[in-house]
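The values are calculated or read from the model by the stated rules, or taken from the named source; none is laboratory data. Everything quoted here is computed from the prediction, not taken from an experiment. For neighbour counting, all protein chains shown are included, and Cβ atoms are generated from backbone atoms with ideal geometry for every residue, glycine included. Side chains included, ligands, DNA and RNA excluded: accessible areas come from the protein's heavy atoms. Shrake-Rupley method; radii C 1.70, N 1.55, O 1.52, S 1.80 Å.
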Amino acid sequence: MEKLDPTYDRYIKALTDISRAITSDLFIEDLLKLIVMVTAKVTGVEICSLWIVDEEEKPPKIRLKATQSISPDYIKDRELDLNEGVVGYVVTHKKPLILKDVLKSQRFKEKEMAKKLGLVSMVGIPLKTKDEKVIGVLNCFTSEPYDFPDTEVNLLRAIANQSAIAIVNTELMVKTKVIQEELEARKKIEQAKEILMHNRRMTGNEAYGWIRKKSMDSRKSIREVAEAVILSSEIFNDESS
């Protein structure tokens, strides 16, 4: 039986680690950090970074969100337009881009940084969701001239696509949690309003105004004040019965 290439072993390990993240409760920042750390470890590249498309911006921007690099020249806040630089090219064309020498590429914008850090070759891989939407870019840099072979590019694409699923699932989980918390808060506020309307003969608007003022005066959230109203009512009813 033919032995499996150790490179494949490493990539399979990376895919397994990222697959676990899909079903985990990692925060999005921790997930992005995990992706770049795992990718850098299995590829042995100098720097691995992850850029995410921010569609809340109008027009959308691509922001650097995670890297395993500790160099202040690399980890500073950076953003690009969709049509700007290597990252913009990868997002708009939805396909990998390989540069043998970043200093000789017109598309690569940060040549001074590359000189300082000794970066030479790079590959940019799009993070595609199941519907072929690109949500970000995974960049890998080497410190020596390097031809990324098709096998490595394809394996990096697998990691990037798996990462895209993990990111989308995590964002969906966070949004779902926020919506659930918002609905729960509204239920508590409505319950507290009913208690005040019954016990203090307030109108609905007066009850909400009272809760809001207490929230501002005590520097507590409206939900916390509502829960306090509900709790005090339950205690009073227990003592009365």
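The residue that is nearest to CYS140 (Cα to Cα), among those in the stretch 12-33 that are at pLDDT 75 or above and open to solvent by less than 20 Å² (accessible area, probe 1.4 Å), is LEU32.
Kindly indicate whether any position in the stretch 112-122 is part of a strand (DSSP E or B) and over 21 Å from the mean Cα position of the chain (by Cα). Scanning the stretch 112-122, I find at least one residue that is part of a strand (DSSP E or B) and over 21 Å from the mean Cα position of the chain (by Cα), so the answer is yes. Among the residues of the stretch 124-141, those that are farther than 15 Å from ALA66 by Cβ and either touching a His at 6+ places or on another chain (Cβ under 7 Å) or open to solvent by 10 Å² or more (accessible area, probe 1.4 Å) (or both) comprise LYS128, THR129, LYS130, ASP131, GLU132, LYS133, VAL134. So, of the residues in the stretch 195-211 that are without any contact (Cβ under 8 Å) to a residue 12 or more places away in the chain, part of a helix (DSSP H, G or I) and not polar (S, T, N, Q), which turns out to be most open to solvent (accessible area, probe 1.4 Å)? Out of the qualifying residues, it is HIS198. Within the stretch 118-153, the residues that satisfy the criterion of being within 17 Å of GLY85 (Cβ to Cβ) and of a type outside the set (A, V, I, L, M, F, W, C) are SER121, GLY124, PRO126, GLY136, ASN139. For the stretch 195-241, the set of residues classified as of a type in the set (Lys, Arg) and at negative phi consists of ARG200, ARG212, LYS213, LYS214, LYS220, ARG223, listed by residue number. Condition check for PHE108 on (1) open to solvent by less than 30 Å² (accessible area, probe 1.4 Å); (2) outside any helix (DSSP H, G or I); (3) closer than 16 Å to LYS61 by Cα: one failure, at (3).
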